[in-house]
2 protein chains.
Amino acid sequence: MKSDEIKEAALKFFTIHGYEGASLSQIAEDVGMKKQSIYAHFKGKDDLFLQVLHDAKETELSSKLEYFSSIDSSHPEKDLYGFLQLVIDLFQKNEQLKFWLRISFFPPAHLQKDIDMEVIDIEEKVQGILENKFQEWMDAKLIIAPSAKIPTYAFLGVVDSILIELVYGNDEHRLLEKLNASWRVFWRGISHH
Amino acid sequence: MKSDEIKEAALKFFTIHGYEGASLSQIAEDVGMKKQSIYAHFKGKDDLFLQVLHDAKETELSSKLEYFSSIDSSHPEKDLYGFLQLVIDLFQKNEQLKFWLRISFFPPAHLQKDIDMEVIDIEEKVQGILENKFQEWMDAKLIIAPSAKIPTYAFLGVVDSILIELVYGNDEHRLLEKLNASWRVFWRGISHH
DNA sequence: AGATAACTGACGAACGTTCGTTAAAGAGGT
DNA sequence: ACCTCTTTAACGAACGTTCGTCAGTTATCT
């Protein structure tokens, strides 16, 4: 399908240069066609962008949901650290998460509404799942916390900090050191010892 | 000074729309002049951008350095939490930190070199200071950690996660909850108890 | 099977608009 | 008169978008 090729190229340039910085001629040239031909597949730049956005959202959401349904949920230390590694993995081998990060941080103003909806949707779902897991682990005395919300937010914070390091992306060694440090302090912060 | 007004407007639009999305005519109109007049004060868009960048960097760096030299360094819990509040404060009442965040995350490709230099400079200085502080606190048995690097990186992670929440910026309540959660878990992670 | 009609995808050309930039002319203050 | 700043005017280039066209494929009907 040609429209998939276009979306693939669009994803690349939107990720590198942002919405305003990416041009249809660039994208078309990358596919091997003229920019006018894009209009045979998409209604315009906004339509192309929103479809790329939707695909990226689906990929990210399903990846995370799949992870949570694959774990047995009885080993928080392994399960949580595994999630951090999943995020790193997704980011490094999947262009879509980079795109997702960029445009959720700094959306083009005239599409903010559409983007926010998708962002909030993922956010709520992941947060809900995490909160349930933490509650189970607290009930099973596997971790210690004043309420399930605390470790949930704190863990989401660790995820965010890893994402920032991935966005900077210049230093693999530094990434692993920050992952290690954040994880160790976080785990000590919620575990018995 | 008129060039300050121009930089102020430029800062605003660069922050909202990014480098590519901000136009000189927008900026000029905001100041109340024609875009061509900008060239009496700056060599061009890049020059304007880089000067705004430099100012933002100076502001952010000096704010943080000033904070570290103002604390007495004997109460890590207060000093560290105070730094988090400083970051929130800077972000909320200072346009320059928002600008700094956006362009350090996603710099315009042709200026990446110049930007990276400034970013790394701040990063190294703040990290160096923090590492020294943590070492002192470890020596004084005020906190516990395997090495000074661990709490340093972990704390920088907490800062980053707060910054992300500030970038999303839609929910003050959520920000405070994430701050509270990340901080509590972090502090439990490095303190005796 | 063969002719005809409809659809698909890509194209060159051009639209109006905006971009960053340069040059020359005019205004204001010292 | 000189310098600083602003304006008007104009530039080539690029932007997203629309148009008409045309080759190639697919579907329909006799």
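The values are calculated or read from the model by the stated rules, or taken from the named source; none is laboratory data. Note that the coordinates shown come from a computational prediction; the quantities given were computed from them, not determined experimentally. All Cβ positions, glycine included, derive from the backbone under ideal geometry; neighbour counts span all protein chains shown. Please note that ligands, DNA and RNA were not included when accessible areas were found on the heavy atoms of the full protein model with its side chains. Shrake-Rupley method; radii C 1.70, N 1.55, O 1.52, S 1.80 Å.
Of B:Arg188, A:Arg102, which has the most accessible area and how do the rest follow, probe 1.4 Å?
From most exposed to least exposed: B:Arg188, A:Arg102.
The Cα trace of the range B:1-71 gives Rg and Dmax of 13.9, 47 Å, the first to one decimal, the second as a whole number. A point 7 Å from Cα along Cα→Cβ stands in for A:Gly169, and the other copies hold the same point at 2.3 nm, listed in rising order. Once backbone amide H atoms are built at 1.01 Å from N, B:Ser191 has B:Ile144 as its partners under 5 Å, excluding neighbours fewer than 5 places away on the same chain.
Given R₀ = 45 Å, FRET efficiency for B:Lys113-A:Glu136 by Cβ-Cβ distance, to 0.05?
Numbers: r = 49 Å, r/R0 = 1.08.
Here the calculated transfer efficiency is 0.40.
Ligands, DNA and RNA are left out, and with a 1.4 angstrom probe the accessible area of the range A:50-144 is 48 Å² per residue. Where chain B is rotated onto chain A, the residue of B whose Cβ comes nearest the axis, and that gap in whole Å, is B:Gly189, 2. Per-residue 3J(HN,Hα) values for the range B:140-153, derived from phi via the Karplus relation 6.51 cos²θ - 1.76 cosθ + 1.60 with θ = phi - 60°, read 7, 6, 7, 9, 10, 6, x, 7, 5, 4, 4, x, 4, 4 Hz in sequence order (x marks Gly and Pro). Using a probe of 1.4 Å, the accessible surface attributed to B:Lys35 totals some 100 Å² when neighbouring protein chains are kept in position. When +1 charges are put on Lys and Arg Cβ atoms and -1 charges on Asp and Glu Cβ atoms, the dipole computed for the protein assembly as shown relative to its Cα centre reaches about 20 debye. Accessible surface for B:Ile16 stands near 80 Å², nearest 10, in the context of the full protein assembly shown (1.4 Å probe). A label point on A:Ile129, set 7 Å along the Cα-to-Cβ line, lies at 4.0 nm from each of its counterparts in the other copies, closest listed first.
Please report, as a whole percent, how much of the solvent-accessible surface of chain B comes from carbon and sulfur atoms (probe radius 1.4 Å). All intermediate terms of the calculation are to be shown ahead of the outcome.
Numbers: 4420 of 8890 Å².
Ligands and nucleic acids excluded, carbon and sulfur reach 50 percent.
Dividing the summed -39500 (n - 2.57) terms of all DSSP H runs of n ≥ 4 by the residue count of the protein assembly as shown sets its mean residue ellipticity at 222 nm at -26500 deg cm²/dmol. Between the Cα long axis of helix A:95-105 and the first principal axis of chain A there is an angle of about 80°, rounded to the nearest 10. Each principal axis of the Cα atoms in the protein assembly as shown has its own extent, and those three values, largest first, are 63, 56, 35 angstrom.
The listed residues A:Tyr153, B:Tyr67, A:Tyr39, A:Tyr81 rank as A:Tyr39, A:Tyr81, B:Tyr67, A:Tyr153 when sorted by accessible area, largest first, using a 1.4 Å probe. In order along the range B:113-126, phi translates into HN-Hα couplings of 3, 4, 5, 4, 4, 5, 4, 5, 4, 4, 3, 5, 5, 4 Hz, rounded to whole numbers, per the Karplus curve 6.51 cos²θ - 1.76 cosθ + 1.60 with θ = phi - 60° and x for Gly and Pro. Each chain gives up part of its surface: A and B jointly bury about 3900 Å² of accessible area, both sides summed, for a 1.4 Å probe. Note on B:Gln127 and A:His193: their simple-model spin labels are 2.3 nm apart, each label 7 Å out from Cα toward Cβ. Per residue, the convex hull spanned by the alpha carbons of the range A:53-190 comes to 103 Å³. Working from label points 7 Å from Cα in the Cα-to-Cβ sense, the B:Glu29 to A:Glu66 distance is 4.6 nm. 3J(HN,Hα) couplings calculated from phi for the range B:160-171 with the Karplus curve 6.51 cos²θ - 1.76 cosθ + 1.60 (θ = phi - 60°) are, in sequence order, 4, 5, 5, 4, 4, 5, 5, 5, 4, x, 8, 9 Hz; Gly and Pro show x. Could you state the angle between the C-alpha long axis of helix A:45-70 and the longest principal axis of the C-alpha atoms of chain A, as a value from 0 to 90 degrees rounded to the nearest 10? Relative to chain A, helix A:45-70 is tipped by roughly 30 degrees.
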